[in-house]
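Everything below concerns the one structure shown next.
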Amino acid sequence: MPRAGIVTVAGKPNVGKSTLLNRIVGQKLSITSEKPQSTRDRIVGILTQGDAQMVVFDTPGLLDPAYELQETMRHASLRALEDADVILYLTDAGDSDAPSLVEAAALDAPPAAPVIHVVNKTDSASRPQLRAAMERWPEAVFVSALTGDGVKELLDTVRARLPESEFLYPADDMSTQSLRFFAAELVRETALEQLGDEVPYSVACVVEEFREDRSPIYVRALIYVERESQKKILIGSKGARIRSIGEAARKKIETLVGSRIYLDLWVKVLPNWRRDAAALERLGYKR
Ligand SMILES: Nc1nc2c(ncn2[C@@H]2O[C@H](COP(=O)(O)OP(=O)(O)OP(=O)(O)O)[C@@H](O)[C@H]2O)c(=O)[nH]1
Ligand SMILES: [Mg+2]
C-alpha cells in the first residue's frame, strides 16, 4: 500500500517555513523574504517519490493578530494544523528559547497529528547555539532549508509517519494552486525585496488576466496599497520603481511558467484593506 498525507509546516514568522517547502518540492513555489510575515495564506506543494506522496502545506507565521489580515492568516495556519497528518514545527537554531508549538499557536490542546520539531538554519547558528538547541530538544531534526543539509533525513522521518493511503493527487502535480496565484505572489515578493520596511505590509497583489493563448503570455496584475503616499513610493520617480519591480517579477514568473511573459503592472489604492473584511475577500484572503 502506498503512503500519502498532508504535511503541515508551521512556526513563528521568519523561521524558514517557505524556504523548507521550496526545498522539499525542489521548486520555488512559496515566496520567501528576510522580512517577517511574507506568507499570508496556505501554500500547497506536492512531492511524490516512489510510493509516497507528501502534500506539504506552508503556512503564515504564528502570531497574535492585531488586525483583520492577521486574523485570516492565523485562521489559515490553525486550519492547516487541523488538516495535517504530520506537523513539522520549525524553530530557528539561533533561538534556543523558542516556545513550543502549543505556546506559539496559543492552542488549547496539542494538535491531533504527530509533531516533528525541526530546528532550521543550522548553517548560520553558532556552535554554542546549536549545542543549546540540541540539549533542549534532543528529539528534534536539525536542518538547513537554505543549503538542504539534513532535509533528506527529515523526509525519511516524515515518510515513515505518513498514513497508508492511495495518492491524493496525480503523481506529477506540483501544487493545487494556479499559476495565476503564484504569479501574483511573485509580484508581491519582488515588492517586498525592493521596498523599504513599512510599505510591503500594505501591498497586496492580484492577477486579473492570465492569457496563455498569446505569445508572450499576457499577465495583467494589480498591486494594491493602502494610501496615496504608498502608491507614489511604489511608482517611484518617473515610474522607475514600478518598472524595476515589473522587470524582476517578470523574470521570476517566466522561470516558474517556463515561457515568455508580458507583465502589465498597475498600482491602485484600496484604503486600509488590511483592516477591511470585504476588501480582504476581494483580494483572495478568505476565512
Ligand atoms: N541561513 C539560513 N537562512 C535561512 C534558512 N531558511 C530560511 N532562511 C532565511 O530566513 C528568511 C525567512 O525565510 P522564509 O522561508 O521566508 O521564512 P518563513 O518562516 O516562511 O517566514 P514567514 O512566511 O514570514 O512566516 C529568509 O531570508 C530566508 O532566506 C536556513 O536554513 N539558513
Ligand atoms: Mg513564509
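Can you find a residue in segment 228-239 that is in a helix (DSSP H, G or I), among the polar types (S, T, N, Q) and under 16 Å from A184 (Cα atoms)?
Checking segment 228-239: not a single residue is in a helix (DSSP H, G or I), among the polar types (S, T, N, Q) and under 16 Å from A184 (Cα atoms).
Residues in segment 117-126: is at least one outside any strand (DSSP E or B), more than 13 Å from ligand 1 (Cβ to nearest atom), over 12 Å from V15 (Cβ atoms) and open to solvent by 10 Å² or more (accessible area, probe 1.4 Å)?
No, that holds for no residue.
For segment 1-104, which helices (runs of 4 or more DSSP H) that fit wholly inside it have 2 or more residues that are in contact with a Pro (Cβ under 8 Å, 6 or more places away or on another chain) and over 27 Å from V206 (Cα atoms)?
Correct list: 101-104.
Being within 20 Å of A113 (Cβ to Cβ) and surrounded by fewer than 16 Cβ atoms within 10 Å (Cβ to Cβ) is the filter here; which residues of segment 134-152 pass it?
E139
Restricting the search to segment 40-56, which residues are open to solvent by 10 Å² or more (accessible area, probe 1.4 Å), under 20 Å from A105 (Cα atoms) and not acidic (D, E)?
Step one: list which residues in segment 40-56 are open to solvent by 10 Å² or more (accessible area, probe 1.4 Å), which gives 40-42, 47-51.
Filter again for under 20 Å from A105 (Cα atoms), leaving 40-42.
R40, R42, listed by residue number.
Restricting segment 245-287 to residues that are over 15 Å from E185 (Cα atoms) and among the small types (G, A, S), which is least open to solvent (accessible area, probe 1.4 Å)?
Here the residue is A279.
For (1) over 14 Å from the mean Cα position of the chain (by Cα); (2) over 28 Å from A125 (Cα atoms); (3) within 11 Å of ligand 1 (Cβ to nearest atom), each residue gets a yes or a no:
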residue: R23; (1), (2), (3): no, no, yes
residue: E34; (1), (2), (3): no, no, yes
residue: G45; (1), (2), (3): no, no, no
residue: Q53; (1), (2), (3): yes, yes, no
residue: P60; (1), (2), (3): no, no, yes
residue: D64; (1), (2), (3): yes, no, no
residue: L78; (1), (2), (3): yes, yes, no
residue: E82; (1), (2), (3): yes, yes, no
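Which number in (1) of a type outside the set (F, W, Y); (2) in contact (Cβ under 8 Å) with a residue 40 or more places away in the chain; (3) assigned to a loop (DSSP other than H, G, I, E, B); (4) in the same structural domain as G45 (by TED's automatic domain parsing) marks the one condition that L155 misses?
Only one criterion in (1) of a type outside the set (F, W, Y); (2) in contact (Cβ under 8 Å) with a residue 40 or more places away in the chain; (3) assigned to a loop (DSSP other than H, G, I, E, B); (4) in the same structural domain as G45 (by TED's automatic domain parsing) is unmet by L155, namely (3).
Go through (1) touching a helix residue (DSSP H, G or I) at 6+ places or on another chain (Cβ under 7 Å); (2) more than 16 Å from ligand 2 (Cβ to nearest atom); (3) open to solvent by 20 Å² or more (accessible area, probe 1.4 Å) and name the single condition D64 misses.
Checking D64 against (1) touching a helix residue (DSSP H, G or I) at 6+ places or on another chain (Cβ under 7 Å); (2) more than 16 Å from ligand 2 (Cβ to nearest atom); (3) open to solvent by 20 Å² or more (accessible area, probe 1.4 Å), the one that fails is (1).
Can you spot a residue in segment 206-223 that is within 19 Å of the chain's Cα centre (by Cα) and farther than 28 Å from A66 by Cα?
To start, the set of residues in segment 206-223 that are within 19 Å of the chain's Cα centre (by Cα) comprises 206-207, 223.
In the following step, the residues that additionally are farther than 28 Å from A66 by Cα were identified as none.
No, segment 206-223 contains no residue that is within 19 Å of the chain's Cα centre (by Cα) and farther than 28 Å from A66 by Cα.
Suppose we keep only residues that are part of a strand (DSSP E or B) and among the acidic types (D, E) within segment 193-222. Which one would you say is least open to solvent (accessible area, probe 1.4 Å)?
Our first condition is that a residue be part of a strand (DSSP E or B); within segment 193-222, this holds for 204-211, 217-222.
Going one step further and asking which of them are among the acidic types (D, E), we end up with 208-209.
Values: E208: 80, E209: 52 Å².
Ranking the qualifying residues of segment 193-222, first place goes to E209.
Take D41 and decide whether it is touching a residue at least 40 places away in the same chain (Cβ under 8 Å) and either under 27 Å from E198 (Cβ atoms) or within 12 Å of ligand 1 (Cβ to nearest atom) (or both). Write out each step before concluding.
Values: touching a residue at least 40 places away in the same chain (Cβ under 8 Å): yes; either under 27 Å from E198 (Cβ atoms) or within 12 Å of ligand 1 (Cβ to nearest atom) (or both): yes.
So D41 passes the test.
The values are calculated or read from the model by the stated rules, or taken from the named source; none is laboratory data. All values reported here derive from a predicted model rather than from experimental measurement. Neighbour counts are summed over all protein chains in view; Cβ atoms, including those assigned to glycine, are modelled from backbone coordinates with ideal geometry. These accessible areas exclude ligands, DNA and RNA; they are computed on the full protein's heavy atoms, side chains included. Shrake-Rupley method; radii C 1.70, N 1.55, O 1.52, S 1.80 Å.
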